[in-house]
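**Q** If you scroll down you'll find the structure; I have some questions about it.
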Amino acid sequence: MIITTRIKIALVILLIIIIIGTIGFHFIEGWIFVDSFYACIATITTVGYGDFVPVTSAGKFFTVFIIIFGVGTAFYTLVLLVETFVEGRLRNLLGRGKLEKVIEQMNNHYIICGGGRIGFLICRELMAGKVPCVVIDNNPDVIQKAKDEGYIYTKGDATQDKVLIAAGIKRAQGIICVLPSDAENLYVILTARELNQKIYIMSRCEEEESEHRLLRAGADKVMSPYTLGGVRMAMAILRPAMLDFIEITTSRQSLELRMEESPICKNSPFISKTLEDSEIRKRYGLIIVAVKKDSGKMIFNPMANYVIEEGDILISMGEDENVKQFTQSCLG
């Protein structure tokens with residue numbers, strides 16, 4: 001930014017010197033404006049063809065003035081331009097190399113294909129949850145925004161294999177397709193499933209009839225922002241208190257009440273215990289509102305005698321700090 005300002009100032013000064021030189025030669029030596037401009041440029045650039053030579057003493061002194069200030073300013077401007085170009089190139093090369101190294105070291109991260117409004121909202125939530133993610137987009141403005149907000153990014157077309165590989169798809173835990181069209185998302189899903197059979201794929205859909213196509217292509221979850229938005233707006237009218245409760249429990253900014261899912265891992269101390277024996281409510285002050293089985297089955301409001309198994313995901317509700325402690329203890 002500082003160098004750019006200096007370049008602008010230098011160019012303005014150089015332009016002023018050229019204008020003064022042209023006018024000066026015109027009135028001192030009596031040359032026409034075209035010849036005066038030509039003589040001024042030849043003097044500043046040190047070309048000096050010799051076809052225009054000042055003959056008066058005033059003209060010679062004026063030429064010395066132009067040489068001292070004009071040549072120096074022109075040289076200074078040229079140095080700034082070269083410096084800016086070289087530094088910009090080096091910065092881009094070094095920055096790209098640094099990003100590539102960071103991505104190479106990432107594992108179990110998420111790839112967001114498309115950095116629009118939805119893509120950046122997803123990035124913000126993942127970053128808030130300390131979940132590593134990489135943004136893919138080929139729009140320079142989007143890439144600049146990702147850079148400004150401190151996101152890891154890869155510039156390119158997400159439908160190309162090499163771009164997905166550069167984003168670490170073979171080591172990624174999931175990929176989220178939020179490209180503008182369903183056709184692009186469909187292509188990314190097919191490519192992602194081919195490159196990584198185990199990756200979790202979530203996709204946005206624009207048209208309702210595209211949902212089943214995206215699922216058949218290999219997506220694990222397909223969501224329509226328009227459907228979700230419409231349902232939420234209707235809920236705000238029909239059940240405003242319920243919507244307020246959902247927003248409070250799902251918002252990361254809420255410190256009073258949080259709803260979170262906690263996977264039961266292999267070494268978890270809660271395995272083979274009932275909810276009552278685990279004393280989750282007594283020790284952590286949490287309510288287990290649902291359990292998602294490893295098979296995908298959802299058990300709502302489980303009874304106290306429910307036996308916790310490995311692979312279960314317990315959906316708990318309570319104060320933020322208690323939820324964090326319980327989630328950590330579930331890992332064993």
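**Q** Could the peptides 184-194, 200-210 be put in order, highest first, of the mean number of other beta-carbon atoms found within 10 Å of their residues?
**A** Values: 184-194: 21.3, 200-210: 17.9.
Per-residue mean Cβ counts within 10 Å order the peptides as 184-194, 200-210.
**Q** Can I ask one more? Cβ neighbours within 10 Å, averaged per peptide: list 232-242, 136-146, 72-82 in order, most packed at the top.
**A** Result, highest mean Cβ count within 10 Å first: 136-146, 72-82, 232-242.
**Q** Moving to a separate point now. List, in the order given, every pair from LYS293/LYS324; LYS221/LYS266; LYS162/LYS198 whose Cα-Cα distance in the structure shown is over 24 Å.
**A** Values: LYS293/LYS324 21 Å; LYS221/LYS266 26 Å; LYS162/LYS198 19 Å.
Too far apart for the 24 Å limit: LYS221/LYS266.
**Q** Please list the helices of the chain that count as membrane-span-like by this rule: a mean Kyte-Doolittle hydropathy of at least 1.0 together with Cα atoms stretching 18 Å or more along the helix axis, each helix being a complete DSSP H run. Could you put the intermediate results ahead of the total?
**A** Details: long enough: 2-29 (40 Å, 2.11); 72-104 (47 Å, 0.35); 182-195 (20 Å, 0.23); 225-238 (19 Å, 1.06).
In the chain, the long hydrophobic H runs are 2-29, 225-238.
**Q** Which value at 222 nm does the chain reach when only helices count, each DSSP H run of 4 or more adding -39,500 (n - 2.57), with the total divided by all residues and rounded to the nearest 500 deg cm²/dmol?
**A** Details: 14 runs with 176 residues, N = 332.
Helix-only estimate at 222 nm: -16500 deg cm²/dmol.
**Q** Same structure again: Local charge sum around ILE246 (other residues, Cβ-Cβ under 11 Å, Lys/Arg +1, Asp/Glu -1)?
**A** Values: positive: ARG232, ARG239; negative: ASP244, GLU247.
Spelling it out: positives minus negatives among the neighbours equals 0.
**Q** To continue, here is another question. Go through 11-24, 56-69 and give me the packing order, highest mean Cβ count within 10 Å leading. Intermediate values should be presented prior to the final figure.
**A** Details: 11-24: 16.4, 56-69: 14.6.
Highest-to-lowest ranking by the protection proxy: 11-24, 56-69.
**Q** Name the residues whose placed amide hydrogens come within less than 5 Å of the amide hydrogen of TYR153, ignoring near sequence neighbours (fewer than 5 apart) on the same chain.
**A** Those lying under 5 Å, H to H, from TYR153 are VAL135.
**Q** For region 237-306, which chymotrypsin sites (Phe, Trp or Tyr not before Pro) pass both filters: DSSP loop (anything but H, G, I, E, B) and at most 13 other C-beta atoms within 10 Å? Before the final figure, lay out each step's value.
**A** Values: sites: PHE245, PHE270, TYR284, PHE300, TYR306; in loops: PHE270, TYR306.
Of the chymotrypsin sites (Phe, Trp or Tyr not before Pro), not one in the loops of region 237-306 has a Cβ with at most 13 other Cβ atoms within 10 Å.
**Q** Explain nothing, just the number: relative contact order of region 257-330, from Cα pairs under 8 Å at least 6 residues apart, as a whole percent. Walk me through the numbers on the way to the answer.
**A** On the way: 145 pairs, mean separation 35.9, N = 74.
Once normalised by length, the contact order is 48 percent.
**Q** With r as the distance between the Cβ atoms of ASP141 and VAL47 and R0 = 41 Å, compute the FRET efficiency 1/(1 + (r/R0)^6) and round to 0.05.
**A** About 0.50, to the nearest 0.05.
No value in this document is a laboratory result; all are computed from the given coordinates. Worth saying up front: this structure is predicted, and the values here are computed from it rather than measured. Note that each Cβ is placed from the backbone with ideal geometry, even for glycine, and that neighbours are counted across all protein chains shown.
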